[in-house]
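Following this message is one structure expressed as structure tokens.
The values are calculated or read from the model by the stated rules, or taken from the named source; none is laboratory data. Computed from a predicted model, the values in this text were never measured in an experiment. Counting neighbours? That spans all protein chains shown, and the Cβs are built from the backbone with ideal geometry, glycine included. Remember, those area values only see protein heavy atoms, side chains included, never the ligands or the DNA or RNA. Shrake-Rupley method; radii C 1.70, N 1.55, O 1.52, S 1.80 Å.
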Amino acid sequence: MQNIGKYRWSICALLFFATTINYMDRQIIGLLKPVLEKEFNWTEKDYSFIVMGFTASYALGLLFFGRLVDKIGSKLGYAISIILWSLAAMGHALARSTFGFFVARASLGVGEAGNFPSAIKSVAEWFPKKERAVATGVFNSGANIGAIVAPAVIPFIVASFGWQEAFIYTGALGFIWLLFWWFLYEIPQKHKRLSEKELHHIQQDDGKVEMVFQTEKISIVSLLKMPHTWAFAIGKLLTDPVWWFFLFWLPSYFASSFGLDLKKTGLPLIIIYTAASIGSIVGGYISSYLIKRGWQVTQARKSTMLLLAFCVFPIVTAQFTHQLWVIVGLISLASAAHQGWSANIFTTVSDFFPKEAVSSVVGIGGMAGAIGGIAFPLLVGSLLEYYKSIGAMNTGYNILFVVCGFAYLLAWVVLFVIAPKLSNKKETTQVLTTA
């Protein structure tokens, strides 16, 4: 961490706050589910379709923004993204029906899809390979901070003003961030105050291998021929839905299983997402530390991800206890491990692809993760609706926790089988160039 200069820290801070706002806007509907389902008479299936509307548009948006950011740059691409999602977030206040919420969530999904392609590309531009997992872990922890802040402040806003104002106030935060981003961000090569020493440190992994892409176009077809692309995409497909489940259904889970209302649900969620925030940074630090100790990049990433997959697994034992704080502990460990996993799997993209292709690959993998996020709510909604009808709601959640526990181990096995010997960036570049 000591090698990260002040300008890289400022970039990391901007990415962190954007991701925080992104997840605040994303999570509000989960927190307000008990309120909104009463006002609009939602069933579990109604809510799952609203979630699907978000994830479907998020999937398409990821592919769109992945290509757009690679073409127009992270500065403008991020700005377009946050304008779209902030307007959509505020637009929830105008919804007067289930369909209205579906439209608002779908619009939010398109805009929010630009966050990670832009952020990962910015990290690739500003950080050398050995520091990228740490930087990714830091900004990715914003997802958890957003999830911590939301349950702490949303109940107060709702109680004081109403649910519409909760959407308006949080949505407006994006425009405040945009001012800082537009006037402070620039790529290292154009940054006027960046020292030559720090620029050299940032570009220590760059060379002739990547320079070829300044004039040659990298197509989606060529990226899809790479096993690394598929390894990343399938890894996201299997694990992203778990985090979506935690975001959108945990407030409802605590309400139905432990009788916690909106105001009392906050503390368990704050604990869970605080743990996730720590896990994001620690997970990124572990692999970066191993690389600095002389481990090969692939060995460090995969070893760290296997450890994190084992840390998620204990959540399958949630079915054997009815103690609230034991459950909170198990979910906290799983959430921390997920975010550490996320920091590492995102970093594998910048490890093995040139900067000019990073956003596109993140978009492809993110779309795969979102497709999983589309399918999983169908299972969640149907399962919970069935067990709710027979008075055994906890059984439905316990089944889902078992699925979550095995997902990461399966994803790690798939990653190992598809790309057991990930090539270096030079070999990746040669394939892309000749594709």
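Check F116, F175, F101 and return the single one that is modelled with pLDDT of 90 or more and of a type outside the set (D, E). Step through it out loud before you land on a result.
Values: F116 fails: modelled with pLDDT of 90 or more; F101 fails: modelled with pLDDT of 90 or more.
Answer to the check: F175.
Look through the range 381-398, keep the residues that are of a type in the set (A, V, I, L, M) and surrounded by fewer than 16 Cβ atoms within 10 Å (Cβ to Cβ), and return whichever of them is farthest from the chain's Cα centre (by Cα).
Within the range 381-398, the match that is farthest from the chain's Cα centre (by Cα) is I390.
Given the residues I278, I291, which is the only one that is closer than 20 Å to M24 by Cβ, assigned to a helix (DSSP H, G or I) and touching a residue at least 40 places away in the same chain (Cβ under 8 Å)?
None of the others qualify; the one that does is I278.
Now for a separate question. Starting from the range 242-261, take each residue that is of a type in the set (A, V, I, L, M) and open to solvent by 10 Å² or more (accessible area, probe 1.4 Å) and list its partners that are assigned to a helix (DSSP H, G or I) and at pLDDT 80 or above, counting only C-beta distances under 8 angstrom and pairs at least six apart or across chains.
Correct list of pairs: L260/F254; L260/P268.
Would you say F101 is aromatic (F, W, Y), open to solvent by less than 10 Å² (accessible area, probe 1.4 Å) and farther than 30 Å from K6 by Cβ?
The answer is yes for F101.
Taking into account only those residues within the range 294-309 that are free of Cβ contacts under 8 Å to residues at least 24 places away in the same chain and over 23 Å from S141 (Cβ atoms), which is surrounded by the fewest Cβ atoms within 10 Å (Cβ to Cβ)?
By that ranking, first place goes to G294.
Note down all Cβ pairs under 9 Å where the first residue falls in the range 54-66 and is within 16 Å of A104 (Cα to Cα) and assigned to a helix (DSSP H, G or I), the second is among the hydroxyl-bearing types (S, T, Y) and modelled with pLDDT of 85 or more, and they're at least six residues apart or on different chains.
Hits for this filter: S57/S107; G61/S81.
Right, next: Would you mind finding the one in G369, G373, G340, G391 that is farther than 30 Å from L290 by Cβ and in contact with a Ser or Thr (Cβ under 8 Å, 6 or more places away or on another chain)?
Answer to the selection: G373.
If we keep just the residues of the range 194-205 that are charged (D, E, K, R) and surrounded by 14 or more Cβ atoms within 10 Å (Cβ to Cβ), which is modelled with the highest pLDDT?
Residues of the range 194-205 that are charged (D, E, K, R), as a first pass: 196-198, 205.
Restricting the remaining residues to those that are surrounded by 14 or more Cβ atoms within 10 Å (Cβ to Cβ) gives 198, 205.
On the way: E198: 74, D205: 61.
Looking at the filtered set, the residue picked out is E198.
Being assigned to a helix (DSSP H, G or I) and either surrounded by fewer than 18 Cβ atoms within 10 Å (Cβ to Cβ) or among the small types (G, A, S) (or both) is the filter here; which residues of the range 82-97 pass it?
The answer is I83, S86, L87, A88, A89, G91, A93, L94.
Spot the failing condition for S350; the list is (1) at pLDDT below 85; (2) surrounded by fewer than 24 Cβ atoms within 10 Å (Cβ to Cβ), and only one is missed.
Failing condition for S350: (2).
So which helices (runs of 4 or more DSSP H) stay within the range 111-193 end to end and still have 2 or more residues that are open to solvent by less than 20 Å² (accessible area, probe 1.4 Å) and closer than 20 Å to M90 by Cβ? It would help to see each step written out before you state the result.
Values: elements: 115-126, 129-140, 142-160, 163-184.
Here the list reads 142-160, 163-184.
Turning to a different aspect of this structure: From V362, V328, V312, which residue is of a type in the set (A, V, I, L, M), part of a helix (DSSP H, G or I) and surrounded by fewer than 24 Cβ atoms within 10 Å (Cβ to Cβ)?
Every option except V328 fails the conditions.
Looking only at residues that are of a type in the set (K, R) and under 22 Å from A375 (Cα atoms) in the range 28-68, which one is modelled with the highest pLDDT?
Ranking the qualifying residues of the range 28-68, first place goes to K33.
Further question on the same structure: Under 9 Å by Cβ, and 6 or more places apart or on different chains, what pairs join a residue from the range 27-42 that is farther than 22 Å from N144 by Cβ and acidic (D, E) with one that is open to solvent by 20 Å² or more (accessible area, probe 1.4 Å) and assigned to a loop (DSSP other than H, G, I, E, B)?
Once the first residue is farther than 22 Å from N144 by Cβ and acidic (D, E) and sits in the range 27-42, its partners that are open to solvent by 20 Å² or more (accessible area, probe 1.4 Å) and assigned to a loop (DSSP other than H, G, I, E, B) give E37/T43.
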